[in-house]
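All remarks here apply to the structure that follows.
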Amino acid sequence: MWIWLGLAALALIGEVTTGTFYLLLVALGLAAGGVAAWFTAGLEWQLVACGVVLLLGLLVLRKTRVLKKREINSARNADVNLDIGQTVQVEAWSEHGATRVFYRGAHWQAELAAGQAPRSGEHIITELRGSTLVLTPKGASVPAR
């Protein structure tokens, strides 16, 4: 019994250091094996208890979508892309809504965000599409997507 609970404690320590739910499930399974050992079940029943609790926990987490990978659009997320929210100076726009701006020591292709009127002056970077900056005039509302 103490071996099961000791391994469960080690799995919990690993859970705290990594932050995944998988080691929490392993710890719960190992604890179930320890409980089965406390009831003097044979080794095979201890292993069955460990496996059943682990698999049931995994099923519950999948059904509740806790383990679902969250999609992050890095092109528009300032937490992922530090260029979002920075300002650039636009001299003039082409008839197709494109321009070149000087930003971070280099010239960049830029285009106007959808629904914005072309005008010169300060613009805010609202998105990156490859190496093209998508700009919104400063003071204009940022288009929602």
**Report entry** ARG76 vs. criteria of a type in the set (Lys, Arg) and either in a helix (DSSP H, G or I) or touching a His at 6+ places or on another chain (Cβ under 8 Å) (or both)
**Finding:** no
Query raised in the report: in contact with an Asp or Glu (Cβ under 9 Å, 6 or more places away or on another chain), loosely packed, with under 13 Cβ neighbours inside 10 Å, outside the structural domain of GLY6 (by TED's automatic domain parsing) and free of Cβ contacts under 8 Å to residues at least 12 places away in the same chain - does that describe any residue in region 47-70?
Result: no
Report task. Considering every residue within region 78-88, establish whether at least one is at pLDDT 85 or above, of a type outside the set (Asp, Glu), closer than 30 Å to ARG129 by Cβ and surrounded by 17 or more Cβ atoms within 10 Å (Cβ to Cβ). Result -> yes
Query - So LEU128, is it among the aliphatic types (A, V, I, L, M), within 22 Å of the chain's Cα centre (by Cα) and either at positive phi or assigned to a strand (DSSP E or B) (or both) - result: yes
Query raised in the report: Are any residues in region 96-125 of a type in the set (Gly, Ala, Ser) and on the phi > 0 side of the Ramachandran plot, and if so, which ones?
Result: GLY97, GLY105, GLY115, GLY121
Query raised in the report: With respect to the numbered conditions (1) over 30 Å from LEU25 (Cβ atoms); (2) touching a residue at least 24 places away in the same chain (Cβ under 8 Å); (3) among the aromatic types (Phe, Trp, Tyr), which one is the sole condition not fulfilled by TRP38?
Result: (1)
Requested in this report: Just give me the residues in region 80-95 being assigned to a loop (DSSP other than H, G, I, E, B) and either among the β-branched types (Val, Ile, Thr) or touching a strand residue (DSSP E or B) at 6+ places or on another chain (Cβ under 8 Å) (or both), in sequence order.
Outcome: VAL80, ASN81, ASP83, ILE84, GLY85, GLN86, GLU91, ALA92, TRP93
Requested in this report: Can you confirm whether region 102-114 contains a residue that is outside the structural domain of ALA11 (by TED's automatic domain parsing), of a type in the set (Asp, Glu), surrounded by 10 or more Cβ atoms within 10 Å (Cβ to Cβ) and part of a strand (DSSP E or B)?
Outcome: yes
Requested in this report: Sort out which residues of region 20-64 are hydroxyl-bearing (Ser, Thr, Tyr) and not in a helix (DSSP H, G or I), and write them in order of number.
Outcome: THR20, THR40, THR64
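The values are calculated or read from the model by the stated rules, or taken from the named source; none is laboratory data. These numbers come from a predicted model, not from an experiment. Cβ atoms come from the backbone with ideal geometry, glycine included; neighbour counts cover every protein chain shown.
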